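The values are calculated or read from the model by the stated rules, or taken from the named source; none is laboratory data. Note that the structure is a prediction, hence the values are computed from the model and not measured. Cβ placement follows ideal geometry from the backbone for every residue including glycine, while neighbour counts extend to all protein chains displayed. Note: accessible area is taken over every heavy atom of the protein model, side chains too, but ligands, DNA and RNA are not part of it. Shrake-Rupley method; radii C 1.70, N 1.55, O 1.52, S 1.80 Å.
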Amino acid sequence: MNFILFCLYTSLYFHCNKGTVYLPKNVSVAAIIAFGDSLLDVGNNNYLNTMTKSNFLPYGKDFVGGKPTGRFSNGKTLADFFAKALGVKEYVPAYLNPFITDKDLLTGVSFASGGTGYDPLTATLSSVIPVKIQLDMFKQYIWRLKRKVGEEAMKNIITNSVFFVSSSSNDFLVNYYSVPIRRLQYDIPAYSNKLVKWAISFVQDLHKLGARRIVVFSAPPLGCIPIERTLAGGSQRKCVDKYNKAARFFNNKLKENIRFLESTLPQSKIAFSDFYNPLISIIENPRQYGFEVANQGCCGTGKLEMSYLCNELSTTCQNDSTYFFWDSLHPTEKGCDIFSKIILPDLVKSLF
């Protein structure tokens with residue numbers, strides 16, 4: 001019954017076949033521009049000397065042509081579903097892709113890099129792109145756009161784009177709990193406050209560069225991610241309560257600061273998007289959302305494998321559409337699809 005109600009709810013906002021959100025009249029989105037970590041990385045890490053990659057099978061096995069692209073999924077990711085749902089395009093390209101076209105630039109790209117975080121040290125530990133460098137890449141993008149279409153058209157594209165920012169997970173899971181550098185320096189409240197300060201500074205910088213509709217994702221329930229359940233959840237692989245408490249503390253601070261920031265920025269919409277509660281609901285009630293398994297991934301055992309541990313030698317589950325997680329950290333294409341449909345209606349209300 002709950003799943004039926006969910007379908008009825010989303011159908012009020014989405015075209016039945018195309019999956020496009022009903023935007024207000026006379027409103028269109030010019031481009032989708034993404035920053036942050038692996039949830040929005042569509043292949044930038046392919047061009048880095050890092051172990052955090054996914055440009056090999058079985059990643060991408062359900063993407064167009066069955067080819068891996070560097071997306072941390074079996075197929076499309078959240079960035080792609082956002083782009084389609086907002087009527088922009090089918091797929092978001094990676095900015096570092098050398099074959100990127102002028103048309104790609106006009107309708108948006110992703111600067112995201114799997115493994116990064118708001119904390120500059122997090123990116124250093126994984127040899128990926130810090131969010132500050134992603135911002136520099138965006139400045140270069142603006143210059144390229146201006147050269148292509150002129151200053152007025154460039155400003156119009158930036159103003160009418162939607163910006164997505166996903167970070168913080170790696171700050172906690174890698175930089176705080178796994179490699180305890182920051183844990184030796186800060187307790188959770190202090191580190192959360194520092195991350196929020198970095199996040200707000202990043203959004204302010206985006207605003208200075210012309211962004212007017214910005215979505216900032218919360219941290220997910222870190223303790224319920226399959227790999228963390230395996231490493232820290234005991235023999236029964238339970239959700240790790242202290243990790244979830246850390247995520248909730250950070251999220252509350254981030255939400256509070258995002259709301260205040262929006263009140264200080266004229267003619268701007270800064271939306272806090274709750275990643276935590278929808279994902280907890282899916283994990284605790286997978287069948288209500290059309291899944292059979294939400295405590296492990298489809299690749300390998302689903303309990304530890306990700307990046308190079310999920311490779312061509314790995315077995316995969318028989319039907320990945322019944323799994324929310326693809327590997328031990330990232331959602332399947334269907335997981336991204338369902339999650340995007342849950343959050344997008346409220347995002348549209350917040351942004352337009």
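How do ARG183, ARG259, ARG229, ARG213 stack up against each other in accessible area, from largest to smallest, with a 1.4 angstrom probe? Can you show the working numbers first?
On the way: ARG183 105, ARG259 155, ARG229 30, ARG213 50 Å².
If we order ARG183, ARG259, ARG229, ARG213 from most to least accessible, we get ARG259, ARG183, ARG213, ARG229.
Largest first, the residues TYR308, TYR141, TYR289 sort by 1.4 Å accessible area into TYR308, TYR289, TYR141. When percent of Cα pairs over 27 Å apart is computed from the coordinates, the matching label among [x] 51; [y] 42; [z] 46 is [y]. The modelled label-to-label distance between LYS245 and THR101, using points 7 Å beyond Cα along the C-beta direction, is 5.3 nm. Spacing of the modelled spin labels on ASN160 and LYS148, each 7 Å from Cα toward Cβ, amounts to 1.6 nm. The distance separating the Cα centre of region 251-279 from that of region 52-67 comes to 33 Å.
Think of each Lys and Arg Cβ as +1 and each Asp and Glu Cβ as -1; about the Cα centre, that makes the dipole of region 90-230 roughly 300 debye. A Förster radius of 41 Å, combined with the Cβ-Cβ distance separating GLN140 from VAL179, puts the computed FRET efficiency at roughly 0.85. Overall, the chain carries a charge dipole of about 660 debye about its Cα centre when +1 sits on the Cβ of Lys and Arg and -1 on the Cβ of Asp and Glu, all other atoms neutral.
Placing unit charges on the Cβ atoms of the charged side chains and taking the dipole of the chain about its Cα centre, the candidate lying farthest along the positive direction among GLY36, LEU145, PRO93 is LEU145.
Straight-line cross-link partners of LYS208 among the lysines, defined as a Cα under 16 Å from its Cα and at least 8 positions apart when in the same chain: LYS132, LYS139, LYS155, LYS269. Label separation (SER314 vs LEU231): 1.5 nm, computed from points 7 Å beyond Cα along the C-beta direction.
Could you sort LEU125, LEU184 by accessible area so the largest value comes first, with the probe set to 1.4 Å?
Greatest to least solvent exposure: LEU184, LEU125.
What length, rounded to one decimal in nm, is gained on full extension from MET51 through to ARG259, with 0.36 nm per residue of separation minus their alpha-carbon distance?
71.2 nm
Per residue, region 62-199 exposes 40 Å² of accessible surface when a 1.4 Å probe is rolled over the protein heavy atoms with every protein chain present. Surface composition of the chain: carbon plus sulfur atoms contribute 53% of the solvent-accessible area (1.4 Å probe, protein chains only, all chains present). Of all DSSP-defined beta bridges confined to the chain, some 15% are antiparallel rather than parallel. For region 220-306, the per residue solvent-accessible surface stands at 47 Å², with DNA, RNA and ligands left out and a 1.4 Å probe.
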